[in-house]
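Here the structure is laid out as structure tokens; the discussion comes afterwards.
The values are calculated or read from the model by the stated rules, or taken from the named source; none is laboratory data. Every value quoted in this text rests on a predicted model; they were computed, and no experiment measured them. When we count neighbours, we look across all protein chains shown, and the Cβ atoms used for this are built from the backbone with ideal geometry, even at glycine. Ligands, DNA and RNA are stripped out before the accessible areas are found, and what is left, the full protein with its side chains, is counted by its heavy atoms. Shrake-Rupley method; radii C 1.70, N 1.55, O 1.52, S 1.80 Å.
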Amino acid sequence: MLPWVEKYRPKSIKEMALPTAKVSGHNVDLAEDLKKFVRDFFKVMRKVNEENKQIRAHNRTVPEKEQKDELEIPPDKAAVLLEGPPGIGKTSIVYALANDLSMEVIETNASDTRTRDALERKLKETTKSRGIMDFIVQTKEKLILIDEVDGIYGNNDRGAVPTIINLIQKTQFPIIMCSNEYKQSLSSLYNKIRKFEVHPLSNTEVIKIAKNILRKEGIKSMHEDDLELIAEKNRGDLRGVINDLQGINQGMDKGDIELLGSLRRDSTEEIFALIRELFQNVATLREARELTDKSDVDYNFLYKWVSENLPTFIKQNENIANAYENLSLADQIFGRIRKNMYWSLLPYFYDLFAGGVVIPGKEPKTQGFRRVVFPRFSASGRSLSIAEKSLVEKIQEKYDVSQTEIIQDFLPFLRIICESSRKQLKIMSDWLELDAKEKKVVKKN
Amino acid sequence: MTEEIPVWRIKYLPKNLEDVCGREKVIKRLKETIKQGNFPHLMFVGSEGIGKTTIAQLFSKEFLGKYYTANFRLVHANIPLTEQERNQAKAGTYISKSKIGSQAGRRITMPAFIKVKIKPFVQLKAFGDAPFKVLIVKNFETLGPNQQGFRRLMETYGSNCRMILITTKISGIIDPIVSRCQLFLISQAEFSSFKKLIEDIAKKESLVLEDNVIDILYKISEGKISRAIDLLQLCSITGKNIDMNSLYENSQKFQKDLTRSLLLVALKGDFNKCRELSRKIISTYKYNSHELFAELLTEVNKLPISKFARCKIIEMVSNADYRALDGMDTDIQVSALLSKLCVLSESL
């Protein structure tokens, strides 16, 4: 049985609800542009290949010094990037396009193959060379899809970004990349190629597609209101909507309409539920592991949620200390993973921050509803607020010492002085020419 | 007459080397240097907040005379680079492929700090008739491995720019750097000159000091003159007569006591409360984790607790500091330490 998402994946661009797209602020027709890109690619490629042939022939006749370099296809002709939120049809449009042009798609999920070697192995063969069969049988042209480009954790030393750039320069086939969000580490890639900003579908379109699917599945019991609710929850994420529909459909047999509520795909709600589940129901390491595996909450944040909400669920000091012992170790390990790319340490991190936190406690689990809160606090080094910054600058005009000294040594004194009386506050603020916001910083304590 | 400066510590900042309170020996040596018109790289060593930078600044000002502004720069080694500066550093120097040698086609990288903050200054020729430029690097020991980069710099550009390295811990500086510098140990101001300075201020501000007040002030401020002056100003707000009581009362308000109260709250065993307090401290003083743990450590040594407990707490703090070195989230490491302190409180 195929999941509905696969079952109803559009076979052709014509049967697709096309998302709107923009290139550097201008609306474009995504399907037409992509088609044009693929056609242009092969045109340019043919030209480049022919010229290279001549160059090679030329190079054979002259001494090494006078040889010319072979031409490369310009990067903006070789690859494009689709950027937009998950589930709006980026991958689908690529498959539909390939189907229309009768091409074969070679897909790689960049988040599976994190290292340079793995990526190279998978892609280089297909891009650089043509198999021997290609000369005998007329095979389909290929289209390379690099999905989830933003899932690549790359820096220039180890990452896959240089490999991708290299790949773009050497490719024999058009490359389409998909990405969810702008990543600073990929900026060198963004500069080279054209970027389509793909926008989510409107709710009415989503509902139209959903109704279509329901009709094909022969389901009539779904209310219009429920459909709207689902569409609203997913905010244009069509894949999410279809998944929800299937989920509800499988629960609907029991006539359980409340299933709707639990199927919300809203990510903060999901975290709330997950945190409660983790602290209140999990009893074994395996359960904890299953819970964190199942959720697609970003683990970058999940362990911060655990830290923030820990005292809500664990009350005795000794148990808090035990939990934090493991959590702090998890944080240390996570730091090493991120700094040195020791991805093999990731399992320890998972076990320590989830299971390691809830299992050592000997006190009975808390019962009933507890309020789960956002991780409010991030101690991000020395970042100052805007008001603080301008205050520091004003002080520096009069008293030339470093920012750190002002914050840690001078500002506390200024606060005490200003607190002592209104008159002092006025003297100081007149002297430093403070505005209302900066005064607030001085008064706050 | 310029406008009246309401902050005494700025008002009574020494204007030239003679005004510096105490430290006659060092000042004499520096004055001799100015007379000769030449000096090697210098290193100023001394504990926190006793005026190393002030002395270094005044020294370079008097040495360079009217060319001071163009040829002087003060750099803080422990302030992180801004986003813009980091990007600037990323643009590596590219050696053309046409060049001969193994470096051809390579990108040269150098530590961002040196590239952005040091090199542009030392490379350019001294302006005007000044014999050379003067660069002060504060908190030099925090540079860590980047110190290595200074070895060549100090030799290559030594004739163009002399450096004054300022540090609190000479043990944190690698030997090759120390051997390239002339050392100046800057000590605390002696009590006699401290007394003179305070009496002078008291006269100017028409304060009446009781006996012993100066002694106590000297002790409380731990040699940090700016702090002593701060305290004096604070006391003067309530009255021109300053006695022991007002001194003690006002000294209670000072910064370090917030970290102390953090320890005390933790040792009462209320985890939620002390976590809140720790967050407040971090957001107010912008400590990074290491600075906070260092503050805690000094406070632990002052607490009236048993030897056993003190050892235990120091062990915990060191452990937390070590983990925070690798960790991504300061808050988690601080909370971990606090939760352990809360447990410890039950056995005290």
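Normalised by the number of residues in chain B, what is the relative contact order in percent for Cα pairs under 8 Å and 6+ residues apart?
Relative contact order for chain B comes out at 17 percent.
Report the FRET efficiency, 1/(1 + (r/R0)^6), for A:Y190 and B:E48, where r is their Cβ-Cβ distance and R0 is 45 Å, rounded to 0.05.
0.50
Stretched out fully, how many nm does the piece from B:D175 to B:L297 gain, at 0.36 nm a residue minus the Cα gap?
Extra length available between B:D175 and B:L297 comes to 41.2 nm.
Report the label-to-label distance for B:K66 and A:K440 in nanometres (one decimal), using points 7 Å from each Cα along the Cα→Cβ vector.
Placing both labels 7 Å along Cα→Cβ, they lie 4.9 nm apart.
Can you tell me how much longer the chain between A:V23 and A:K53 gets when fully stretched, taken as 0.36 nm per residue apart minus their C-alpha distance, in nm with one decimal?
Fully extending the segment from A:V23 to A:K53 adds 7.3 nm.
Leaving ligands, DNA and RNA out of it, work out the accessible area of B:L183 with a 1.4 Å probe and give it in Å² to the nearest 10.
The accessible area of B:L183 comes to roughly 70 Å².
Which stretch or stretches of the stretch B:186-203 have amide N atoms under 14 Å from the point lying 7 Å from B:K28's Cα along the Cα→Cβ direction?
none
Measure out, as a whole number of angstrom, how far apart the alpha-carbon centroids of the stretch B:280-348 and the stretch A:264-334 sit.
So the two Cα centres are separated by 23 Å.
For the protein assembly as shown, report the accessible area per residue in Å² (1.4 Å probe, heavy atoms, rounded to an integer).
For the protein assembly as shown, the solvent-accessible area averages 52 Å² per residue.
Explain nothing, just compute: Karplus ³J(HN,Hα) = 6.51 cos²θ - 1.76 cosθ + 1.60, θ = phi - 60°, for every residue of the stretch B:69-77 in order, whole Hz, x for Gly and Pro.
For the stretch B:69-77, the Karplus-derived couplings read 4, 7, 10, 10, 8, 10, 10, 9, 6 Hz, x marking Gly and Pro.
Once you charge only the Cβ atoms, +1 for Lys and Arg and -1 for Asp and Glu, what is the size of the charge dipole of the stretch B:191-252 about its Cα centre, to the nearest 20 debye?
The dipole of the stretch B:191-252 has a size of about 220 debye.
Given B:Q333, B:L263, B:N288, which one lies farthest toward the positive end of the charge dipole of the stretch B:259-345, if we put +1 on the Cβ of every Lys and Arg and -1 on the Cβ of every Asp and Glu?
Projecting each Cα onto the dipole axis, the largest value belongs to B:L263.
Could you calculate the contour length gain from A:E205 to A:K220, that is, 0.36 nm times the residue separation minus the distance between their Cα atoms, to one decimal place in nm?
That works out to 3.5 nm of additional length.
Give me a single rounded figure for A:403-413: the average over its residues of other chain Cβ atoms within 10 Å of their Cβ.
Other-chain Cβ atoms within 10 Å of each residue's Cβ, averaged: 6.
Convex hull over the Cα atoms of the protein assembly as shown, averaged projected area in nm²?
It is 46.0 nm².
Would you calculate the convex hull of the Cα atoms in the stretch B:259-345 and tell me its volume per residue in Å³?
Taking the convex hull of the Cα positions in the stretch B:259-345, it is 76 Å³ per residue.
Hey, with R₀ at 22 Å, roughly what FRET efficiency would A:K7 and A:E107 work out to, going by the Cβ-Cβ distance, to 0.05?
That pair, A:K7 with A:E107, gives E of 0.75.
In the neighborhood of B:R152, defined by Cβ-to-Cβ distances under 14 Å, what is the net charge if each Lys or Arg adds +1 and each Asp or Glu adds -1?
+3
For B:K25, give me every one of the aspartates and glutamates with a C-alpha distance below 19 angstrom, ignoring sequence neighbours fewer than eight places off in its own chain.
Excluding near neighbours in sequence, the set is B:E62, B:E190.
So which aspartates and glutamates can A:K43 reach, going by Cα to Cα under 16 Å and dropping same-chain residues fewer than 8 places off?
Counting by Cα, and skipping residues close in sequence, A:K43 has these aspartates and glutamates nearby: A:D33, A:E51, A:E72, A:D76, A:E141.
Along the Cα-to-Cβ line of B:A309, 7 Å from the Cα, sits a label point; which residues in the stretch B:274-295 have backbone N less than 19 Å from it?
Residues B:274-275 qualify, since their backbone N sits under 19 Å from the label point.
Compactness ratio of the stretch B:191-252: Cα Rg over 2.2 N^0.38 Å, N = residue count?
Here the answer is 0.96, to two decimals.
In peptide B:227-236, how many Cβ atoms from other protein chains are near each Cβ within 10 Å, on average?
Average per residue, whole number: 2.
Among residues other than A:V282 whose Cβ falls under 11 Å from its Cβ, what is the net charge (Lys/Arg +1, Asp/Glu -1)?
Combined, the nearby Lys, Arg, Asp and Glu give +1.
At a Förster radius of 60 Å, what calculated FRET efficiency corresponds to the Cβ-Cβ distance of A:R286 and B:K35, to the nearest 0.05?
Rounded to the nearest 0.05, the efficiency is 0.15.
Between the stretch A:37-61 and the stretch A:182-251, what is the separation of their alpha carbon centroids in Å?
If we compute the Cα centre of each part, the gap is 42 Å.
Take the Cα gyration tensor of the stretch A:379-428, multiply each eigenvalue by 5, square-root it, and list the three semi-axes largest first, rounded to whole angstrom.
20, 12, 10
Running Debye on the stretch B:115-165 with equal point scatterers at the Cα sites and no solvent, what base-10 log of I(q)/I(0) appears at q = 0.17, 0.26, 0.30 Å⁻¹?
-0.50, -1.09, -1.35
Give me, ordered by chain and number, the residues 5 or more places off B:S47 or on other chains with an amide H under 5 Å from its own placed amide H.
Placed amide hydrogens put nothing under 5 Å from B:S47.
Label A:E141 and B:N245 with points 7 Å out from Cα along Cα→Cβ: what is the distance between them in nm?
For the pair A:E141/B:N245, the computed spacing is 9.4 nm.
Quick one: which of A:333-344, B:79-90, B:138-149 comes out on top by average Cβ neighbours within 10 Å, and what's the full order, highest first?
Put in order of decreasing packing, that is B:138-149, A:333-344, B:79-90.
State the Kirkwood hydrodynamic radius of the stretch A:288-421 in Å, one decimal place, computed from all pairs of distinct Cα atoms.
That comes to 18.2 Å for the stretch A:288-421.
I'd like the mean, over residues of A:212-218, of how many other protein chain beta carbons sit within 10 Å of each residue's own Cβ.
Mean partner shielding for this stretch: 0.
As a test, work out the antiparallel percent of DSSP beta bridges whose residues both lie in the protein assembly as shown, rounded to the nearest 5.
15 percent
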